[in-house]
Amino acid sequence: MSLQQISSFAAGQWVAPGNGARTIASAITGEPFATAGNSALDVQAMLEFARNTGGPALRQMTFHQRAKMLKALAQTLSGHKQALYDLSFNTGATQNDHLIDIDGGIGTMFVFASKGRREMPDGHVYLDGDLEQLSRNGTFLGQHICTPLHGVAIHINAFNFPVWGMLEKLAPTLLAGVPAIVKPATNSCYVTELAVRIMLESGILPAGALQLVSGGIGDMLDHLTCQDVVSFTGSADTALKLRQNPVILNNSVRFVAEQDSLNASILGPDAVPGTPEFDLFVKEVSREMTTKAGQKCTAIRRIIAPDTQVEAVIEALSARLAKTTIGDPRLETTRMGALVSSGQKADVLAKADIIGQEAERVFGDPTAFDVDGADTKNGAFVPPMLFHCADPDNAQRVHDTEAFGPVSTIMGYRDLDHAIAIANRGQGSLVTSLITHDTEVAQNVVIGTAAYNGRIYINDRDSMKESTGHGSPLPHMVHGGPGRAGGGEEMGGVRGVQHYMQRTAIQGSPRMLSSLGKKWVPGAPEIQGLAHPFTRKFGELSIGETLNTASRTITLDDIEHFAHFTGDTFYAHMDDDAAARNPFFPGRVAHGYLLLSFAAGLFVEPNEGPVLANTGLDGLRFMKPVVAGDSIKVRLTVKQKTQRTDEYGEVRWHVTLTNQDDEMVAEYELLTMNAY
Ligand code: NDP
């Protein structure tokens with residue numbers, strides 16, 4: 001049988017396997033079926049192609065244009081899911097596993113596309129945080145900004161998620177405006193190769209934005225600069241080796257690592273048998289042990305239960321695991337497929353033996369288990385294995401040995417402090433979960449373990465129906481963990497995009513910062529004297545365009561009328577003596593909402609026009625009380641514009657209300673949707 005040729009995509013060309021190619025075997029049959037790798041790959045040309053062609057093209061686009069590009073890529077991949085599923089069975093993954101890897105990866109890309117449109121500007125500079133006041137009179141300010149790195153992102157991925165592993169890194173990288181060279185693990189690179197082909201053939205990406213190395217990357221890391229990023233997922237050993245590269249150290253190349261992690265799940269003391277939490281715990285643990293045959297960086301490796309419940313958990317978990325049908329992942333009845341390779345199987349069994357030195361195997365026998373539709377001899381199958389460690393305090397290997405398969409160890413705790421101490425013995429994890437209905441337990445565990453975890457997942461009867469699962473990293477939330485988990489962080493919404501950008505503190509005048517950030521800053525020039533801004537279309541309005549209104553005097557009748565009309569007869573508006581006893585007020589004051597209503601009356605342009613809707617109001621502050629006889633006027637300035645569709649866009653207005661002495665009475669941001 002001829003082997004499938006798994007190519008690389010280098011400097012604009014597909015490069016077939018050549019010298020140094022490795023053979024890849026099916027996880028199900030052990031038969032070699034593909035080959036990948038070519039030691040003649042010109043890695044220098046790849047880096048240059050990314051830096052000189054891909055990077056400039058991506059950086060020319062705005063965040064919104066890149067977000068639209070991500071959406072189009074995700075839609076294209078969605079249209080080819082079946083082909084990806086079909087190929088991915090060879091990795092040993094079941095259809096349910098594909099939903100996590102393939103659908104999960106595409107879903108992650110959609111989320112970044114949407115976050116890019118909603119949370120990032122339609123420009124080239126991302127403003128990080130608020131303005132900083134650096135001067136008494138506001139003529140010198142500070143603003144942190146993020147701009148894309150000028151280099152290339154090297155993504156080195158693990159074998160377990162050939163699609164999600166690529167897309168969860170690629171989406172934030174492309175959104176940032178940085179080209180990527182993706183290097184999947186060789187064992188499952190054929191699935192990644194197909195996904196890359198689909199994306200490249202769609203023509204959506206600019207040239208140089210995405211390249212692929214199937215097989216080894218040669219000496220690519222020796223050519224990196226301070227503008228490049230390495231994002232790695234895999235074993236701690238490889239991470240250590242790669243991050244020690246002298247070029248990476250000398251050039252301070254960013255190195256993001258996500259590696260082995262001895263994640264824990266804690267059963268709260270309240271979650272005794274008979275409670276919904278106990279059943280939930282057993283379900284979550286069993287699912288985490290068997291999904292992807294336990295080859296998940298977030299899988300539960302250590303099960304931490306009250307001493308009094310250990311027996312009950314072993315019993316319930318064993319009953320559940322016994323129902324896990326192991327077999328050919330293509331069979332609909334199969335619940336757990338194979339490990340990715342016979343090498344991985346040997347590794348898992350060896351690690352299980354190490355764990356077995358400190359813990360007793362209480363479920364699963366790797367020498368005696370059934371496999372449907374395939375054979376245990378050539379396929380990389382192992383059964384779920386549950387160990388019980390009776391003395392977790394004096395054990396070491398159960399806390400530091402990751403058997404990257406369906407293997408987990410249960411250990412008992414005396415009290416919550418003990419549970420926390422055991423969990424933290426993992427020396428840094430991607431995730432710890434806690435199943436409890438008791439908020440005090442949750443508080444103690446979070447405070448005790450958060451410093452050791454990238455994510456803490458709390459679940460109970462209230463959230464169990466909609467919860468996303470202990471093992472699912474979500475694009476909205478950070479993924480990564482301290483210490484043993486690699487010390488890296490990925491995703492977490494826009495935070496994940498920032499890993500591929502440089503944060504720079506910019507100091508300057510309001511005029512400079514306004515123009516740089518495409519966002520009006522108080523103190524920057526105002527554009528006055530044009531037609532009423534509500535008569536001007538989205539495309540006609542300029543940042544800084546300002547309307548100053550006439551003033552209006554507030555009378556006691558106004559306050560009375562508003563109070564009785566709305567029902568807001570709070571004493572500060574109605575009772576002069578009571579209001580005067582309040583340290584904030586001189587006597588009866590106007591309602592803040594009355595002032596806002598009058599402000600709208602002052603600035604509005606009543607005729608039908610380009611303003612379609614008032615969609616919100618942000619950051620409202622009342623600074624000075626207004627009493628009967630005071631007058632107010634409004635300044636309305638275009639602060640920021642965000643195009644939403646071809647037909648309309650959002651205008652953010654900076655609004656200030658001042659009194660007859662020009663003192664600021666109120667300040668807020670008004671949002672309107674305006675026709676293009
Ligand atoms: P590795 O660390 O061996 O490989 C991870 C990635 O690094 C692969 O793409 C691999 O490529 C690449 N790589 C390996 N050596 C080098 C090198 N010298 N230069 C550049 N790239 C290199 O992990 P595996 O995926 O093989 O899994 C081994 C163990 O790692 C598992 O048993 C498990 O314990 C752990 N693991 C942890 C994961 C996690 O997310 N926490 C995920 C997967 C694995 P290639 O395949 O071509 O060698």
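A299 meets each of the listed conditions (1) among the small types (G, A, S); (2) within 16 Å of the ligand (Cβ to nearest atom); (3) over 27 Å from the mean Cα position of the chain (by Cα); (4) surrounded by 18 or more Cβ atoms within 10 Å (Cβ to Cβ) apart from (3).
Would you confirm whether or not segment 128-147 contains a residue that is within 22 Å of the chain's Cα centre (by Cα) and part of a loop (DSSP other than H, G, I, E, B)? No, that holds for no residue.
Determine whether N19 is at pLDDT below 95 and buried (at least 17 other Cβ atoms within 10 Å of the Cβ). Before the answer, list the steps.
Working: at pLDDT below 95: yes; buried (at least 17 other Cβ atoms within 10 Å of the Cβ): no.
Here the answer is no, as N19 does not meet what is asked.
Restricting to segment 507-541, give me the number of residues that are in a strand (DSSP E or B), surrounded by fewer than 16 Cβ atoms within 10 Å (Cβ to Cβ) and under 34 Å from the mean Cα position of the chain (by Cα). Residues meeting the conditions: 1.
The set of residues in segment 101-114 that are touching a Gly at 6+ places or on another chain (Cβ under 9 Å) and buried (at least 22 other Cβ atoms within 10 Å of the Cβ) comprises D101, G105, F112. Of the candidates V627, V634, the single residue that is under 30 Å from D576 (Cβ atoms), assigned to a strand (DSSP E or B) and touching a residue at least 12 places away in the same chain (Cβ under 8 Å) is V634. S114 falls short on exactly one of the conditions (1) of a type in the set (S, T, N, Q); (2) closer than 30 Å to E669 by Cβ; (3) touching a Ser or Thr at 6+ places or on another chain (Cβ under 6 Å), and that condition is (3).
Taking the condition more than 16 Å from the ligand (Cβ to nearest atom) and without any contact (Cβ under 8 Å) to a residue 60 or more places away in the chain, does R330 pass? Break it down stepwise before answering.
Numbers: more than 16 Å from the ligand (Cβ to nearest atom): yes; without any contact (Cβ under 8 Å) to a residue 60 or more places away in the chain: no.
For R330, the condition - more than 16 Å from the ligand (Cβ to nearest atom) and without any contact (Cβ under 8 Å) to a residue 60 or more places away in the chain - is not met.
Among the residues of segment 434-474, the ones that are under 24 Å from D103 (Cα atoms) and in contact with a Phe, Trp or Tyr (Cβ under 6 Å, 6 or more places away or on another chain) come to 1 in all.
With the condition kept exactly as written, say whether any residue in segment 182-203 is farther than 26 Å from G92 by Cα, crowded, with 22+ Cβ neighbours inside 10 Å and out of contact with any Phe, Trp or Tyr (no Cβ under 9 Å at 6 or more places or on another chain). Before you say what the answer is, go through the steps one by one.
Taking segment 182-203 and keeping what is farther than 26 Å from G92 by Cα, we get 200-203.
Adding the requirement that they be crowded, with 22+ Cβ neighbours inside 10 Å leaves none.
Looking for residues that are farther than 26 Å from G92 by Cα, crowded, with 22+ Cβ neighbours inside 10 Å and out of contact with any Phe, Trp or Tyr (no Cβ under 9 Å at 6 or more places or on another chain), one finds none in segment 182-203, hence no.
Cβ separations smaller than 7 Å between residues 6+ apart or across chains give the following pairs from segment 580-602 residues that are within 25 Å of H532 (Cβ to Cβ) to residues that are among the hydroxyl-bearing types (S, T, Y) and surrounded by 14 or more Cβ atoms within 10 Å (Cβ to Cβ): L602/T549. Applying a threshold of 8 Å to beta carbon distances and a minimum spacing of six or more residues, or different chains, the list of pairs starting in segment 333-354 at a residue that is closer than 20 Å to V398 by Cβ and ending at one that is modelled with pLDDT of 95 or more and among the basic types (K, R) reads A352/R361; I354/R397. Can you pull out the residues in segment 83-111 that are over 24 Å from the mean Cα position of the chain (by Cα) and over 17 Å from T192 (Cβ atoms)? Listed by number, the residues that qualify are T94, Q95. Scanning segment 547-579 for residues that are under 46 Å from the mean Cα position of the chain (by Cα) and touching a residue at least 60 places away in the same chain (Cβ under 8 Å) yields L547, N548, T549.
Of the set (1) in contact with a Gly (Cβ under 9 Å, 6 or more places away or on another chain); (2) among the polar types (S, T, N, Q); (3) surrounded by 16 or more Cβ atoms within 10 Å (Cβ to Cβ); (4) closer than 22 Å to P306 by Cα, all apply to Q427 but (3).
Take G488 and decide whether it is more than 10 Å from the chain's Cα centre (by Cα) and either assigned to a helix (DSSP H, G or I) or not charged (D, E, K, R) (or both). The answer is yes for G488. Could you tell me whether any residue of segment 655-674 is under 18 Å from S551 (Cβ atoms), in a loop (DSSP other than H, G, I, E, B) and in contact (Cβ under 8 Å) with a residue 24 or more places away in the chain? Yes, some residue in segment 655-674 is under 18 Å from S551 (Cβ atoms), in a loop (DSSP other than H, G, I, E, B) and in contact (Cβ under 8 Å) with a residue 24 or more places away in the chain.
Condition test on E284, is it under 17 Å from N459 (Cβ atoms), in a helix (DSSP H, G or I), among the acidic types (D, E) and within 16 Å of the ligand (Cβ to nearest atom)? No; evaluated as a whole, the condition is false for this residue.
Could you pull out the residue among A271, A264, A338, A293 that is crowded, with 21+ Cβ neighbours inside 10 Å and closer than 17 Å to D460 by Cβ? First the steps, then the outcome.
Working: A264 fails: closer than 17 Å to D460 by Cβ; A338 fails: closer than 17 Å to D460 by Cβ; A293 fails: closer than 17 Å to D460 by Cβ.
Every option except A271 fails the conditions.
Within segment 332-346, the set of residues being touching a Gly at 6+ places or on another chain (Cβ under 8 Å) and part of a helix (DSSP H, G or I) comprises S342, Q344, K345. Would you pick out the residues in segment 594-626 that are surrounded by 18 or more Cβ atoms within 10 Å (Cβ to Cβ), of a type in the set (A, V, I, L, M, F, W, C) and more than 29 Å from R511 (Cβ to Cβ)? Correct list: L594, L595, L596, F598, V626.
The values are calculated or read from the model by the stated rules, or taken from the named source; none is laboratory data. Note that the structure is predicted; figures quoted are calculated from it, not measured. Don't worry about glycine lacking a Cβ; one is built from the backbone with ideal geometry, like all the others, and counts go over all protein chains shown.
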